[in-house]
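The structure appears below as structure tokens.
The values are calculated or read from the model by the stated rules, or taken from the named source; none is laboratory data. No experiment lies behind these values; they were computed from the predicted model shown. Here Cβ is always computed from backbone atoms with ideal geometry, including for glycine, and neighbour counts include all displayed protein chains. The area values use the complete protein model at the heavy-atom level, side chains included, leaving out ligands, DNA and RNA. Shrake-Rupley method; radii C 1.70, N 1.55, O 1.52, S 1.80 Å.
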Amino acid sequence: MTMQAGPFRILIVDDHPVLREGLSSILHEEPDMIVAGEAGSGEEGVEMFRRLRPDVVLMDLRLPAMTGAEATETILKEFPDARVVIFSSYSGDEDIARCLRAGAQAYLLKDMLRTELIEAIRTVLAGQRYLPRAVQQRLRERRAYRDLTTREREILGLIVKGLRNREIAEVLGATEGTVRIHVSHILDKLGATDRTEAAVIAIERGIVAIE
């Protein structure tokens, strides 16, 4: 698929004004790209997309209330041809997979080079997916893990919050014995030796987000 003619209109969605300013400065240096708008939240990003219909959205992953993945999914449901580039300081395989499932065409880490950002935008504009080597490697590693069930993910989230089996059982309305079995399965699937290691793995991989 060939890329359409510019100028290309870019919408930046990030809750940090300094980062938005930095991205805007980079894009302004490209003669065929303009910043169509800037949003500070996922909800604002969705509304601005509806109004501006930009060619590409640069979407932060961790946003207040509505996450970048949720905002991406909302946009793609309404506008299937929308192009979204996620940029994040989080390289967890679950974070990446969640955004790709939502419909994002690229996932960049915030330590990216300026040239990589521009290359990603142009690749997405041409209708192709862009995943840097580091991101591809995290996705390959993900295949080595066994998937957690919905209940196991729920329990893992409570483990990360520091709850013990008895407290988890009270929250879920389950027996402590049932929770203990789930925890055992979680440790096995994550390859963790104890609850603390499981919590660390959950955060590093993006299975559980820390607000």
With DNA, RNA and ligands ignored, accessible area of His16 (1.4 Å probe; Å², nearest 10): 100 Å²
Farthest positive-ward along the stretch 112-202 dipole, Cα basis, beta-carbon charges - from Ala120, Ala174, Ala202: Ala120
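With an 8 Å cut-off on Cα pairs and a minimum separation of 6 or more residues, tell me the relative contact order of the chain in percent. Kindly include the intermediate steps, with their values, before the conclusion.
Details: 318 pairs, mean separation 35.2, N = 211.
Worked out over the chain, it gives 17 percent.
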Accessible surface of the stretch 33-191 [probe 1.4 Å, protein heavy atoms]: carbon and sulfur percent: 48 percent
Estimated inter-spin distance, Leu52 and Lys110, nm [label 7 Å along Cα→Cβ]: 2.0 nm
Rounded to whole Hz, the Karplus (6.51, -1.76, 1.60) HN-Hα couplings of the stretch 184-191, x for glycine and proline: 4, 5, 4, 4, 5, 5, 8, x
Sequence of Leu52, Leu113 when ordered by accessible area, the most exposed leading, probe 1.4 angstrom: Leu113, Leu52
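About the Cα centre of the stretch 35-115, how large is the charge dipole given +1 on each Lys and Arg Cβ and -1 on each Asp and Glu Cβ? Please answer in debye to the nearest 20. Kindly include the intermediate steps, with their values, before the conclusion.
Working: 10 positive and 14 negative charges, 38 e Å.
Here the size comes out at about 180 debye.
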Charge dipole (the stretch 129-194, unit charges on Cβ, about Cα centre) - positive-most of Leu190, Gln136, Leu148: Gln136
Rounded accessible area per residue of the stretch 1-71, 1.4 Å, Å²: 47 Å²
Placed amide H near Met66: partners under 5 Å, 5+ positions off or other chain: Gly42, Glu43
Helix-only [θ]222 nm of the chain, DSSP H runs n ≥ 4, -39500 (n - 2.57) each, per residue, nearest 500: -16000 deg cm²/dmol
Accessible area (Å², per residue) of the stretch 102-211, counting only protein heavy atoms and a probe of 1.4 Å: 57 Å²
